[in-house]
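Asks: Attaching a single structure in structure tokens format; questions to follow.
The values are calculated or read from the model by the stated rules, or taken from the named source; none is laboratory data. All figures in this text were calculated on a predicted structure; none of them were measured in a lab. No Cβ is skipped: glycine too gets one built from the backbone with ideal geometry, and neighbour counts run over all protein chains shown.
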Amino acid sequence: MKGKMKVQNFYEPMVMKYEEHDIPQIADNEVLVKVMACSICGSDVSYYYGHSPLGTKDGKGPLYLGHEMSGVVAEVGKLPREAGLFKVGDRVAVNPVQQCNACEFCMRGEFNVCPHSEVIGVTVNGGFAEYVKVKYTHVYKIPDNVKFEHAAMTEPLACASNAIRRLDIHLGQDVVVFGPGPIGLMMVELAKAAGAGRVVLIGRRDYPLEVGKKVGADILINTADAKSKYYAKDAAAAVRKALGHLAPRAIVATSNMDALQGALLVTGPSSTIVYFGLPGPEDKLQVPMLEAIQSERTIKCAWLAPLVWDNAFAVMGSGQVDLSPILTHTFTLEDAEKGIRFMKESKENKLKGVLLIGKE
Ligand SMILES: [Zn+2]
Ligand SMILES: [Zn+2]
């Protein structure tokens, strides 16, 4: 498609410009998506402030950020067109992690660890723009009843779904979730959908904990604010008191290493812990090994979202997961920079911010 589009072009830390550029030209194996909504991820914030390098060769811009997006199909490349896969106007979400499909990991379906992935908004231009080009294998139709601003959050929801799948909850098992951020709150909803018994949500501020209550958490624990009515200095003692036993399952949705360390304390024999955070390069977990072996502990990591996008669409479509309490702020494309700064700097209560870009 010929024409111009508005974009937010990220050049270097704290420098992002609202500009006009050509609409990207698609190849035979690509689809052009008119972006309707693109959510702001913690990693977008971290790129903007220069806390982590981009995935480009030199780690630098210019690049349009944004990897969590939904939209409508604007143009269909030759291959998907001939296969009858998409038509202009289809409502879709974009899986930004475009694996190579040729390496030893991809061969086994372990797309999340493919070292050759091209990631939209991280290594190539993303969704902080009016249009984005995507390989047709990474464009999925969304359920009719899911709004674009929620569909934009499919990527983090799929990541949360992968982590919950790895947690392997047996029916009725109690689950502790550390970190009531957007992904932790999605995990609360998913744990319930996956058959968890009681869900204990542990955090450091009352506001997100109370949103957690709204989306299904049964027990709230605030480990940081002594004035909170949910305050408990010793999370393990509080979990044991609330549940009557230590937890068989715990999931850590925060980068805070104390939470991961704490997960070892709130879980009992034969338990499983899943870590879904982004630690620093020097961070280490201390595991008392004698206790670990004698209680046959399982500690897993969860990274990205291989083979779970269908689950994420299904739980949104069925209403088992409601993202409206988690989406707290919207911004325009023009205000993207303001939005990113707000998500980082504002003291206001907030969870997830989404850019509303296209109009229907
Ligand atoms: Zn993200
Ligand atoms: Zn690969």
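Asks: Kindly check whether there is at least one residue in the range 258-270 that is part of a loop (DSSP other than H, G, I, E, B), free of Cβ contacts under 8 Å to residues at least 12 places away in the same chain and over 22 Å from ALA312 (Cα atoms).
Replies: Of the range 258-270, the ones part of a loop (DSSP other than H, G, I, E, B) are none.
The answer is no, given that none of the residues of the range 258-270 is part of a loop (DSSP other than H, G, I, E, B), free of Cβ contacts under 8 Å to residues at least 12 places away in the same chain and over 22 Å from ALA312 (Cα atoms).
Asks: Further question: Has the range 307-325 got at least one residue that is modelled with pLDDT under 95 and either under 20 Å from CYS159 (Cα atoms) or out of contact with any Asp or Glu (no Cβ under 6 Å at 6 or more places or on another chain) (or both)?
Replies: No, the range 307-325 contains no residue that is modelled with pLDDT under 95 and either under 20 Å from CYS159 (Cα atoms) or out of contact with any Asp or Glu (no Cβ under 6 Å at 6 or more places or on another chain) (or both).
Asks: Please go through the range 62-121 and pick out each residue that is surrounded by fewer than 18 Cβ atoms within 10 Å (Cβ to Cβ), more than 16 Å from ligand 2 (Cβ to nearest atom) and charged (D, E, K, R).
Replies: Across the range 62-121, the qualifying residues are LYS78, ARG81, GLU82, LYS87.
Asks: Here is a further query. Could you grab me the full set of residues in the range 50-67 that are in contact with a Pro (Cβ under 6 Å, 6 or more places away or on another chain) and touching a residue at least 40 places away in the same chain (Cβ under 8 Å)?
Replies: Within the range 50-67, just HIS67 meets the criteria.
Asks: Let me confirm something: among ASP144, ASP174, ASP206, which residue is closer than 30 Å to VAL7 by Cβ and charged (D, E, K, R)?
Replies: Going through ASP144, ASP174, ASP206 in turn, the sole match is ASP144.
Asks: Among the residues in the range 73-89, are any hydrophobic (A, V, I, L, M, F, W, C) and within 21 Å of the chain's Cα centre (by Cα)?
Replies: no
Asks: Tell me whether the range 277-299 contains one or more residues that are of a type outside the set (Val, Ile, Thr) and either part of a strand (DSSP E or B) or not assigned by TED's automatic domain parsing to the domain that holds ALA224 (or both).
Replies: no
Asks: Checking the structure you have, find out if any residue of the range 12-25 is farther than 18 Å from LYS344 by Cα, at pLDDT 95 or above and among the aliphatic types (A, V, I, L, M).
Replies: yes
Asks: Specify which of the listed residues (SER70, SER39) is in contact with a Gly (Cβ under 8 Å, 6 or more places away or on another chain) and either more than 10 Å from ligand 1 (Cβ to nearest atom) or in contact (Cβ under 8 Å) with a residue 12 or more places away in the chain (or both).
Replies: Of the residues listed, the single one that is in contact with a Gly (Cβ under 8 Å, 6 or more places away or on another chain) and either more than 10 Å from ligand 1 (Cβ to nearest atom) or in contact (Cβ under 8 Å) with a residue 12 or more places away in the chain (or both) is SER39.
Asks: Still on this structure, please answer the following. Does the range 42-57 contain any residue that is assigned to a loop (DSSP other than H, G, I, E, B), within 16 Å of ligand 1 (Cβ to nearest atom), modelled with pLDDT of 95 or more and surrounded by fewer than 17 Cβ atoms within 10 Å (Cβ to Cβ)?
Replies: yes
Asks: Moving to a separate point now. If I filter the range 87-106 down to residues being touching a residue at least 24 places away in the same chain (Cβ under 8 Å) and of a type in the set (Val, Ile, Thr), which single residue comes out as farthest from ligand 1 (Cβ to nearest atom)?
Replies: So, considering only residues that are touching a residue at least 24 places away in the same chain (Cβ under 8 Å) and of a type in the set (Val, Ile, Thr), the one farthest from ligand 1 (Cβ to nearest atom) is VAL92.
Asks: Another one. Could you pull out the residue among SER270, SER228 that is exposed (fewer than 13 other Cβ atoms within 10 Å of the Cβ) and of a type in the set (Gly, Ala, Ser)?
Replies: Matching residue, one of SER270, SER228: SER270.
Asks: Also, quick follow-up: Please pick out the residue among GLU75, GLU19 that is within 25 Å of ILE142 (Cβ to Cβ) and assigned to a strand (DSSP E or B).
Replies: Among GLU75, GLU19, only GLU75 is within 25 Å of ILE142 (Cβ to Cβ) and assigned to a strand (DSSP E or B).
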